[in-house]
Amino acid sequence: MTIINRYLLTTFIRITMLALGVFVGIYLLVDFFEKVDDFLEYKAPISLYLYYFSSKLPLIISQVLPLTILMGVFMTLGGFSKSNELTAMRAGGISLFNIITPLILAATLMTGIHFTLNEYIVPAGIRNATYILHTEVKGKAAALTKRDNLWFRDQNALYHINLIIPESGSINGVSVYQLNDELQLRQRIEAKRIKFIDNQWIADKAKIRSFDPFSGQLTAERTEDKYALALDKTPDDFGAVSGNNEELNFNQLRVLSKKMQLEGLDATRYRVDMYARLAAPFACLIMAFVAIPFALQTSRNINLALGISISVLIGVAFYIIQSTLMAFGYSGLLPPFIAAWSANIIFSLLSGFLILSTRE
């Protein structure tokens, strides 16, 4: 690595880390004021505050990382241009391509870090944060956050859930094994779907089989269009019923979407979020490319306030377009892949046009 490259990277990393700290701090401050009432109401100890917000750190970092890279590249090149260091580099025979290459490589590395965060660390952090707020602070039973092939016990019954559908607030493929005090099977209930209505779970077209606990022989069988299950849980106890897919990584979303499609269910939201898990990390690299022409075109008049303002405006524009297109994907107006990747494609074309129009 040359001295110039090391100098570029050192400056870029310093600015990026400073921006990351500022954005994360602002995010934590806003989140703190939103959640502090819950902690105060239940008189939670300080340790839970710290554990809760530290669990959310990976999610916060992944959300603000593209914006910090945008600001890092913008302020690095803009600062060098304003101090005439960029002019001196190019006068010394260093092309613009060679100047921006270390920054692009650093952004590529951060793209990989972003994907790793989203795939392995962010889901676990969100689950921990949800558990702390729901169970440790509010004192409620631990939420069953698994979406498919879920087993649990409630009173003298074993429940197996094939699939939880957050969008409809329903649970598909339910089997209930009623046991006696000696844990012998006395009744089995099967239903394709159950919904929480008037504070109880109602099964559609439930098939009920009764068994002799001692011999295990089938003694009776009937079908009821509407059957109330004696399940002592609410939708809040199934954490996944909230419809939030942030606690799922790419592979989990892929498996669930395939399972829903096989059962004839609408998996649009899952497929959009699945492709978004792949598209989101590339925003880091795209933001680096977008920052280059803006930094070079505004370099003469650049200052700290202007640099921050331009970076934030570009970042906000990106997230607004991305959120809008993903909403179109959720509603079925756009194919899931197009909805997840369109913002990246739009800003890639924009950066390419601006870079080509920038004078060498």
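The values are calculated or read from the model by the stated rules, or taken from the named source; none is laboratory data. All values derive from a computational prediction rather than experimental measurement. Cβ atoms come from the backbone with ideal geometry, glycine included; neighbour counts cover every protein chain shown.
With respect to being surrounded by fewer than 20 Cβ atoms within 10 Å (Cβ to Cβ), touching a helix residue (DSSP H, G or I) at 6+ places or on another chain (Cβ under 8 Å) and in a helix (DSSP H, G or I), L28 fits the description.
The condition of being surrounded by fewer than 19 Cβ atoms within 10 Å (Cβ to Cβ) and of a type in the set (G, A, S) holds for only one of S62, S54, that being S54. For the stretch 311-360, filtering for residues that are among the hydrophobic types (A, V, I, L, M, F, W, C) and more than 28 Å from Q297 (Cα to Cα) leaves 10.
Residues that are under 24 Å from G352 (Cα atoms), in contact with a Gly (Cβ under 7 Å, 6 or more places away or on another chain) and either surrounded by fewer than 19 Cβ atoms within 10 Å (Cβ to Cβ) or of a type outside the set (A, V, I, L, M, F, W, C) (or both) do not occur anywhere in the stretch 84-100. Only residues that are within 15 Å of N149 (Cα to Cα), crowded, with 19+ Cβ neighbours inside 10 Å and of a type in the set (A, V, I, L, M) were counted across the stretch 249-271, and they come to 3.
Counting the residues of the stretch 1-55 that are under 27 Å from I69 (Cα atoms) and over 28 Å from the mean Cα position of the chain (by Cα) gives 11.
Checking the structure you have, find out if any residue of the stretch 269-280 is in the same structural domain as N98 (by TED's automatic domain parsing) and over 29 Å from N162 (Cβ atoms). Yes, some residue in the stretch 269-280 is in the same structural domain as N98 (by TED's automatic domain parsing) and over 29 Å from N162 (Cβ atoms).
For the stretch 178-199, filtered to residues that are among the hydrophobic types (A, V, I, L, M, F, W, C) and under 25 Å from G264 (Cα atoms), the residue that is surrounded by the fewest Cβ atoms within 10 Å (Cβ to Cβ) is I197.
Residue by residue, here is whether (1) under 29 Å from K138 (Cβ atoms); (2) part of a loop (DSSP other than H, G, I, E, B); (3) in contact (Cβ under 8 Å) with a residue 24 or more places away in the chain holds:
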residue: Q178; (1), (2), (3): no, no, no
residue: D181; (1), (2), (3): no, yes, yes
residue: Q187; (1), (2), (3): no, no, yes
residue: F196; (1), (2), (3): yes, no, yes
residue: A206; (1), (2), (3): no, no, no
residue: R209; (1), (2), (3): no, no, no
residue: P213; (1), (2), (3): no, yes, yes
residue: Y227; (1), (2), (3): no, no, yes
residue: R254; (1), (2), (3): no, no, no
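Restricting attention to the stretch 275-295, the residues being under 15 Å from the mean Cα position of the chain (by Cα) and over 13 Å from I346 (Cβ atoms) number 6. When the stretch 256-272 is filtered for residues that are touching a residue at least 40 places away in the same chain (Cβ under 8 Å) and touching a Phe, Trp or Tyr at 6+ places or on another chain (Cβ under 9 Å), the ones remaining, listed by number, are L256, M260, T268, R269, R271, V272.
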